[in-house]
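Working notes, structure below.
The values are calculated or read from the model by the stated rules, or taken from the named source; none is laboratory data. The structure presented is a predicted model; accordingly, all values stated were derived computationally and were not measured. Here the Cβ positions follow ideal geometry from the backbone for every residue, glycine too, while neighbour counts run over all protein chains shown. Remember, those area values only see protein heavy atoms, side chains included, never the ligands or the DNA or RNA. Shrake-Rupley method; radii C 1.70, N 1.55, O 1.52, S 1.80 Å.
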Amino acid sequence: MEFSQLVTEAVARLDGVAQTTPVQLNARLSARTGADVWTKREDLQVGRSYKVRGAYNTIAQLDPGT
């Protein structure tokens, strides 16, 4: 199966489960590195991490009989 199809299917499974979170400029890291450093604000996600997406996606694909 193509990677793009796997991603499309995961997005559909996660609809209404995971929130879209913003990318935000991190002023402190940008000042320390001399470059614009952007961070993905997964701390705003339920569970405060990317893990909710991966865990839900995996569990949603399990056979109900197992």
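Under 5 Å between amide hydrogens, built in the peptide plane, is the criterion, and for W38 it picks out N26 among residues at least 5 positions away or on other chains.
Applying the Karplus relation 6.51 cos²θ - 1.76 cosθ + 1.60 with θ = phi - 60° to segment 58-65 yields 3J(HN,Hα) values of 5, 5, 5, 9, 5, 5, x, x Hz, where x marks Gly and Pro.
Run the dipole for the chain about the Cα centre, Lys and Arg Cβ at +1, Asp and Glu Cβ at -1, nothing else charged, and hand back the magnitude in debye, nearest 20. Can you show the working numbers first?
Numbers: 8 positive and 7 negative charges, 86 e Å.
Value, rounded to 20: 420 debye.
You can think of it this way: the chain between D36 and T8 has 7.1 nm of extra reach, that is 0.36 nm per residue less the Cα-Cα gap. Protection proxy ranking of 38-47, 15-24, by the mean of other Cβ atoms within 10 Å over each peptide's residues and highest first, is 38-47, 15-24. When a 1.4 Å probe is rolled over the protein heavy atoms, the share of accessible surface on the chain that falls to carbon and sulfur comes to 58 percent.
Subtracting the Cα-Cα distance from 0.36 nm times the residue separation, let me have the gained length for D63 to T20 in nm, one decimal.
Details: separation 43, 0.36 × 43 = 15.48 nm, distance 2.73 nm.
Additional length available on full extension: 12.7 nm.
The angle between the Cα long axis of helix 3-14 and the longest principal axis of the Cα atoms of the chain comes to about 80 degrees, rounded to the nearest 10. Legend: P(r) of the chain from all alpha carbon pair distances, 5 Å bins from 0, whole percents, reading 3, 15, 17, 17, 16, 11, 9, 6, 2, 2, 0. Annotation: per residue accessible area for the chain equals 81 Å², rounded to a whole number [probe 1.4 Å, protein chains only].
Dipole orientation for the chain: of the candidates A31, S4, A60, A31 has the Cα lying most toward the positive pole (charges on Cβ; Lys, Arg +1; Asp, Glu -1).
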